[in-house]
Amino acid sequence: MPIPRPDLQGDRVIAHVDMDCFYVQVEQRKQPKLRGLPTAVVQYNDWKGGALIAVSYEARKFGVKRSMRGAEAEMVCPGIQLVQVPVARGKADLNGYRSAGSEVVSILSTKGRCERASIDEVYLDLTDAAESMLSEAPLEELENFDEEALKSHVLGLRGDEDLEKNVREWFFGSDAIYQDKLLACGAIIVAQLRDKVLKETEFTCSAGIAHNKMLAKLASGMHKPAQQTIVPSSAVRDLLASLPVKKMKQLGGKLGSSLQDDLGVNTVGDLLKFSEEKLQERYGFNTGTWLWNTARGISGDEVKGRVLPQSHGCGKTFPGPKALKTTAAVESWLNQLCEELSERIQLDLDQNKRVAHTLTLHARAFKTDDMGPHKKFPSKSCPLRYGVNKIQEDAKKLFDTGLREYLGSHNNAWRVTSLSMSASKILDTPGTSSIMRFLQGKSFPSAISDASYDDIQDDAPSSSIGSKENMLPESDEDQQAFAHEKSVEVDHVPSQARKIDDFCTQNREHKDKGKGSILRFFSGINSSTKQVPNGSEKHEGLDLRDHQKEPLVDEHSSLGRISNQQMDSSWNLNAEDVDPSVLDELPLEIQREVRGWIRSSKRAKTTKLGSNIFHYFSTDDNSG
Ligand code: TTP
């Protein structure tokens, strides 16, 4: 719960854009004959026609809701078109929806910092764009703007009879305050973006425009579909006065219940009765301050420049009689989930040059003869190794470890009701500015050769991550896949430094003794890059620990394309030029070594020992 910076209040222009009945729109684009008809997307299973996961606005008019099953929807809306989610590997295939979401993001991200918050929603920081629009000409002189902006709902604006005139006046009135003018510019930009999205993708979306993310998110859902809502500062108090606490992001769970039960707070505005000290006393310093700010519509949460997901995940639930009973059945499903996960992280690597570092297994289970309180199946994680076979192998180990812990000393019969695998801690592969990035990009996917049982970590329980995730039906198949789209960040992995340390330790064990660790390190990388007959280069068995044959990175991947030449230029640095803060990122042992070298290099002021780091590392002499 970030504490707001006072200077960031009021002058920011933040938009939250949310696609309307998104999966339905994707299906309607595939089958245009469905447009305008009451339609729902179902995750099919044979129980009562499967669960509805997206409902068109035409169907909503008949009372169809997401909580219904297909059969029920057909009862309230005869003639409803039920479209099944595509299936691959025996489970929902969300790839089409993901890439449709990416199409939209690529349009929305053109006007300011863009944070992809889920498969179908983004935050935009339009402050700079709005400021520059305002600095170019007074709003009242603005020509050629999208009339759609004037259809915005401006909260707090009165005048039901002549609303349009009042909105126009709010946009262009010369006595408007600067902050409102900024929001007006934001609304004009958002209207243009929504129009572009519609023209280029055929999808409609709705938006909220406010001075912070919290208010923008609240507003985007107020008028749907295909509309936008503006929250001027003057309207915040009234908005929050009537907003039930449970509707506020982060108050949907235990904290919201405690506010209701213990403090008698029913709406966010009710919180205004409590002093900051009182709230801090009850809920701790940070949460208390956050609640105090929230009651006033203040939020310091900034839009993070992130258009790619923070993790990849896929899951499957096995409700009722479908519960898995044997390790063989679990393994077979894990294999399928891992295949999908492997494909997705490989695609991410190829397209975005990003590497995932942590593999996590979550499961739900019960013991058939357990009358006591239900113990949760522990989530487990380990360093992620690229290559489908390795991921499958590690997933199995994670499950075995979790199961042993879950059963304890008793050998009860068990059932697994859901399984999911995720890849997280996804980092960019390197630029050349940091040794750390260089190391990660070149070596990490392959650095951890074998997830031994020692590498396996307990995973923190996944956190509640916003209202949409809270709405996930418990028993429907594949919903965990959806959950992973919601920017789940599971903070359970060892620090990067520790991973580097582990990696270096592993390397140390298997490389020639007597060489400096850096030399060993780099000679390992070098030797894994060889010329292939067609002249391109191929990374082969980068795995420095166990020298397995299976290529961890194929020749088509971005890592596979890194050539010796690139390495050379990456390391074409003078010792004097090495930024000390970069060294801080390295494990201590390597830091000492590099610092020692830099000192001696500076002392000697000679090029003989190597005028650049790469020379130094790759030299045959053992002077390092
Ligand atoms: P939402 O944005 O929550 O809903 P929506 O886009 O269908 O409708 P609205 O216009 O009210 O925003 O979810 C986006 C997509 O995510 C939705 O189309 C289907 C999918 N989804 C699930 O698969 N399971 C869920 O529980 C939810 C909430 C959404």
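Filtering segment 392-401 for residues that are over 14 Å from Gln457 (Cα atoms) and in a loop (DSSP other than H, G, I, E, B) leaves an empty set.
Being at pLDDT 95 or above and either touching a Lys or Arg at 6+ places or on another chain (Cβ under 6 Å) or basic (Lys, Arg) (or both) holds for only one residue in Val307, Val303, Val330, and it is Val303. Contact annotation: residue pairs with Cβ atoms under 7 Å, 6 or more positions apart or on different chains, pairing a residue in segment 223-234 that is farther than 16 Å from Tyr57 by Cα and among the polar types (S, T, N, Q) with a partner that is within 16 Å of the ligand (Cβ to nearest atom) and part of a loop (DSSP other than H, G, I, E, B), are Thr229/Met222; Thr229/His223. For segment 13-66, a tally of residues being modelled with pLDDT of 95 or more, within 10 Å of the ligand (Cβ to nearest atom) and among the small types (Gly, Ala, Ser) returns 3. Applying the selection to segment 235-273, what residues are of a type in the set (Lys, Arg) and in contact (Cβ under 8 Å) with a residue 24 or more places away in the chain? Once the filter is applied, which keeps residues that are of a type in the set (Lys, Arg) and in contact (Cβ under 8 Å) with a residue 24 or more places away in the chain, segment 235-273 yields Arg237, Lys247, Lys249. When segment 284-308 is filtered for residues that are farther than 24 Å from Tyr123 by Cα and surrounded by 19 or more Cβ atoms within 10 Å (Cβ to Cβ), only Gly288 remains. Of Thr358, Thr417, all but one fail to be touching a Gly at 6+ places or on another chain (Cβ under 9 Å), β-branched (Val, Ile, Thr) and either under 19 Å from Ala329 (Cβ atoms) or at pLDDT 80 or above (or both); the exception is Thr417. The residues of segment 158-178 that are more than 16 Å from Thr229 (Cβ to Cβ) and not in a helix (DSSP H, G or I), listed by number, are Gly159, Asp160, Glu161, Asp162, Gly173, Ser174, Asp175, Ala176, Ile177. Residues in segment 300-315: is at least one assigned to a helix (DSSP H, G or I) and either within 30 Å of Leu218 (Cβ to Cβ) or not aromatic (Phe, Trp, Tyr) (or both)? No.
The condition of being basic (Lys, Arg), in a loop (DSSP other than H, G, I, E, B), under 27 Å from the mean Cα position of the chain (by Cα) and crowded, with 17+ Cβ neighbours inside 10 Å holds for Lys249. Inspect segment 77-99 for any residue being within 16 Å of the ligand (Cβ to nearest atom), assigned to a helix (DSSP H, G or I), surrounded by fewer than 20 Cβ atoms within 10 Å (Cβ to Cβ) and without any contact (Cβ under 8 Å) to a residue 12 or more places away in the chain and give the result as yes or no. Yes, segment 77-99 contains a residue that is within 16 Å of the ligand (Cβ to nearest atom), assigned to a helix (DSSP H, G or I), surrounded by fewer than 20 Cβ atoms within 10 Å (Cβ to Cβ) and without any contact (Cβ under 8 Å) to a residue 12 or more places away in the chain. Please indicate, with yes or no, whether at least one residue in segment 206-220 is part of a helix (DSSP H, G or I), closer than 30 Å to Cys185 by Cα, among the small types (Gly, Ala, Ser) and within 14 Å of the ligand (Cβ to nearest atom). Checked against the condition, which is being part of a helix (DSSP H, G or I), closer than 30 Å to Cys185 by Cα, among the small types (Gly, Ala, Ser) and within 14 Å of the ligand (Cβ to nearest atom), segment 206-220 yields at least one hit. Of the residues Ser118, Ser135, the single one that is over 20 Å from Gly36 (Cβ atoms), at pLDDT below 95 and loosely packed, with under 14 Cβ neighbours inside 10 Å is Ser135.
The values are calculated or read from the model by the stated rules, or taken from the named source; none is laboratory data. Owing to the predicted nature of the structure, the values given are computational and were not obtained by experimental measurement. Reconstructed Cβ throughout: ideal geometry from the backbone, glycine too, with neighbour counts over all protein chains shown.
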